[in-house]
1. Restricting attention to the chain, give the cysteines that have no other cysteine Cβ less than 4.7 angstrom from their Cβ.
2. Percent of Cα-Cα pairs more than 18 Å apart in the range 230-318, please.
3. Would you mind computing the Rg to Rh ratio of the range 5-77 from its alpha-carbon coordinates, Kirkwood style for Rh?
4. Residues of the chain: accessible area per residue at 1.4 Å, in Å²?
5. What size of dipole, in debye to the nearest 20, comes out for the range 331-410 about its Cα centre when the only charges are +1 on Lys and Arg C-beta atoms and -1 on Asp and Glu C-beta atoms?
6. Picking from 82, 31, 52, whose Cα lies most toward the positive end of the charge dipole for the range 1-108 (charges on Cβ: Lys, Arg +1; Asp, Glu -1)?
7. Report the full-extension gain for the segment residue 269 to residue 123: residue separation times 0.36 nm, less the Cα-Cα distance, to one decimal in nm.
8. Report D for the chain in µm² per second (integer): Stokes-Einstein, Kirkwood Rh on Cα pairs, 10 °C, 1.306 mPa s.
Amino acid sequence: MDVKRVAITGTGAVSPYGKGVDILWDALVRGESGIRRHAELDDFPELGPRVAGLVRNVDMTEVPRKHRRSMSPMSVYALLAAREALGEAAFPEEALCGGRTGLIMGSTMGSVRTIEEFFRTYLAQGSLDQMKSMLFFRVMGHSVAANVAQALGVTGRVIGPTAACSTSCQAIGLAYEAVASGRQDAVLCGGADEYHPLTTGTFDLMMAASSGYNDAPDRTPRPFDRNRDGIVCSEGAGVLLLESFASAKARGAAILAEVAGFSSLSDPSSIANPDPYPLYQCMRDALDSAGIEAKSVSYVNAHATGTILGDAAESKAVTMLFGGDTPVSSLKGHMGHTMAASGALESVACVRMLRHGLLLPTRNLDDPDPECAGVALLRRNEARPVSVIVKNNFALGGINCSLVFRGTDD
């Protein structure tokens, strides 16, 4: 099979900093925190956390009502990010409906807030008479993919992966494979999530949510830090437009970077606790698929969320593969864990790092944990040549994903 090179020609973002990739990038470069105290969590006294990373300054009415009526916030976020990616790529609208452009976007699940709305009404009334017909389209598992495809008129393959924290990393990988194999000329890919206190509550029940910095929200989460105390849940959407080099060049598109490799492997040893070796295998497999040696990697964008076990396991895996010289950081300290959006939002940042030759550090890393020793943890912005980036996302359930991005002058 003729394997085609896969270009990134567009990026889009809705994040805790607001709408737009420039807004995201500028905030990350400044080292700004996207985490705030969230008053809604005060309604749940049984929970420890009181902080979250919520999307700001987004006007939902930018999406026409005929599309918005079947969308929950995460689908709106995804559509706005997709529009930005298409605009950056100057992608022709008619190419969306020719069957050669696909869409692969996922979320952790359907809209939890809509599910809550449904059951509050149903349990109170004991009847379905008052239910709105559009509720189902907000709670179905592929809500983001279906709603965005409908709004944009995409007629190629549409897939809605659901793999928790690995969702959008897996979506980008699946899009890469679809383009590399020639099954699609272009694919919009990524993921989105919307915040609900149940998300924080789930991690709190697992003793994996940050609660020690409620009065200083900008100091958490703390990936790799000795004083880290767990995840801070956030929301948003990230989208990339992938195209074959041939397609991009034929229409004169600017190529931002290249997706050079991908791996998604399972760790069946535990549904909740990561094992370093499967993480190592996933990164190794992604590099092998790209034909790139570990010594050629400029930077590793870690999944590290600020949990005790997860950060230590990833550190050990990175050390096994890269030793102690390759720079490593996590962007969770800046904007928290945007769940199914995290892989795509962080990939968008990786594309910018490649293009600007600027590596971003781990925010709130004041005192590196000895359990995370052995890796070259970035603690400040660092300007240097950046040619290859490995980007990790590792999800509960043992769903591990790694992507390889390469800069290009083509």
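The values are calculated or read from the model by the stated rules, or taken from the named source; none is laboratory data. The model shown is predicted, which means the values in this text are computed figures rather than measured ones. Virtual Cβ from ideal backbone geometry, glycine too; neighbours counted across all protein chains shown. Ligands, DNA and RNA are excluded from the accessible area calculation, which covers all protein heavy atoms including side chains. Shrake-Rupley method; radii C 1.70, N 1.55, O 1.52, S 1.80 Å.
1. 97, 165, 189, 233, 282, 350, 372
2. On the way: 2352 of 3916 pairs.
In whole percent, the share of Cα-Cα pairs in the range 230-318 beyond 18 Å is 60.
3. Using Cα coordinates only, the ratio equals 1.08.
4. About 38 Å² of surface per residue is accessible.
5. Magnitude of the dipole: close to 220 debye.
6. 82
7. The span from residue 269 to residue 123 would gain 48.6 nm if fully extended.
8. The diffusion coefficient I find is 76 µm²/s.
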